[in-house]
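Scroll down for the structure; my scribbles are underneath it.
The values are calculated or read from the model by the stated rules, or taken from the named source; none is laboratory data. Since we're looking at a predicted model, the values are computed, not measured. Neighbour counts run over all protein chains shown; Cβ positions are idealised from the backbone, glycine included.
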Amino acid sequence: MSGIYFHIPFCKQACHYCDFHFVTSLRHKEKLLEMMQKEVRLRKQFFPTTQALQSVYFGGGTPSLLEAKDIAGLLKTVRKYFTLAPKAEITLEANPDDLTEDKLRQFWEIGINRLSIGIQSFDEQVLKFMNRSHSAAEARACVERARAVGFNRLSLDLIYAYPNSTIAALEKDLDIAINLGIDHLSAYTLTIEPKTAFGNALKKGRLQELEEDLAAEQFSFLVEKLEKAGFEQYEISNFAKNGAYAVHNTAYWQEKPYLGIGASAHSYDGKERFVNFDNNHKYMTALEKGEKPYSIETLSPQERLNDYILTSLRTIWGTDLVKIKNQWHYDLYQKNFNLLSSYQKQNLLTFDKTSIKLTKAGRLLADEIAWRLFW
């Protein structure tokens, strides 16, 4: 289930909540794409040669700002140096205002078969508050255009639990998303990061985060509403209909290797984490000189296991205790039996000798539970 991630660092403007690596100028686009193709070539031995990739993911930033020919060039390079599975998931993150009918058709024709559209909200005032570049009308229209072109794998991103938000506002957003007939939805509570416009406003007292109990109420409402609409919560923030799980992200949560291409992208080969330079100039200069554009972090067995517990516990498949015993020679079941039993009595999780799975109540405390189970 290995995959490749491309970080496309271009955006029209800075969303007030975003702390990802991006730039608002396309001035060095051609040079950066050339260097990304060079990085693919230099890292062609990252995966075993017999392994077919199950996914390619274009994230960012805003990949939909690029032309289809730009994405096609990256895909051509991938196919040259790696083997793609016949039905590999090829996802493009997109903003609604970029998705004209012509551009959607071009993306479809070059092989993009799944769109992850950054809606965030269908409320005009909320979009302005977040400094999004699209309108509520564009958000609805782009989904309908995508379906008309042929995209039947559509995921929408929504943000909830932002300052002064209400369950009524969340319900309105969910009703619109559900009625658009999508098969996947990612819903995230607003996290205010320090080096963002929201972080600066919070520091200066101009913004207040939503109280934790109100955020928890919205989370519970979200889960119940989507379940009634036929969505399965297969990961704490991700919901799918008819098993339309995100192949690429699922591999992350199940500790599969992945290769990240582009400035600020991360890779993981099962033992080491590779962190690309988060500066476009530094990234391109290193590749021009034939140098590695990344630093390497060798993870201890303990760190790898703890990462696996943290991510796997968030999913419906839970934490595989047999895998842990075989791969890390650590008996988590025996070491934490009393703690697990206590959590089970509180209806926070279920467990046996093969796996640990959180209940709905436990998902509200996922990080704390994972932390207490760390090696």
Looking at (1) farther than 28 Å from Q54 by Cβ; (2) within 21 Å of the chain's Cα centre (by Cα), which one does E212 not meet, given that it meets all the others? (2)
Testing E235 on (1) surrounded by 21 or more Cβ atoms within 10 Å (Cβ to Cβ); (2) closer than 28 Å to V23 by Cβ; (3) charged (D, E, K, R), one condition comes back false. Which one is that? (2)
From the set of residues in the stretch 289-345 that are under 16 Å from W375 (Cβ atoms) and among the hydroxyl-bearing types (S, T, Y), which is surrounded by the fewest Cβ atoms within 10 Å (Cβ to Cβ)? S300
Does E255 satisfy the criteria of being under 16 Å from I182 (Cα atoms) and either in contact with a Lys or Arg (Cβ under 9 Å, 6 or more places away or on another chain) or not in a loop (DSSP other than H, G, I, E, B) (or both)? no
Looking at A244 and the list (1) of a type in the set (A, V, I, L, M); (2) modelled with pLDDT of 95 or more; (3) outside any loop (DSSP other than H, G, I, E, B), which single condition is not satisfied? (3)
Scanning the stretch 352-364 for residues that are among the hydrophobic types (A, V, I, L, M, F, W, C) and surrounded by 17 or more Cβ atoms within 10 Å (Cβ to Cβ), the one farthest from F219 (Cα to Cα) turns out to be I356
Looking at the structure I just gave you, is S300 free of Cβ contacts under 8 Å to residues at least 24 places away in the same chain and under 30 Å from M36 (Cα atoms)? yes
Output the residues belonging to the stretch 243-277 that are in contact (Cβ under 8 Å) with a residue 12 or more places away in the chain, more than 17 Å from the chain's Cα centre (by Cα) and within 24 Å of I356 (Cα to Cα). G270, K271
I'd like the full set of residues that are assigned to a helix (DSSP H, G or I), touching a Phe, Trp or Tyr at 6+ places or on another chain (Cβ under 8 Å) and buried (at least 20 other Cβ atoms within 10 Å of the Cβ), limited to the stretch 144-175. L170, D173
Qualifying positions in the stretch 54-74 - surrounded by fewer than 18 Cβ atoms within 10 Å (Cβ to Cβ) and under 15 Å from R114 (Cβ atoms): none
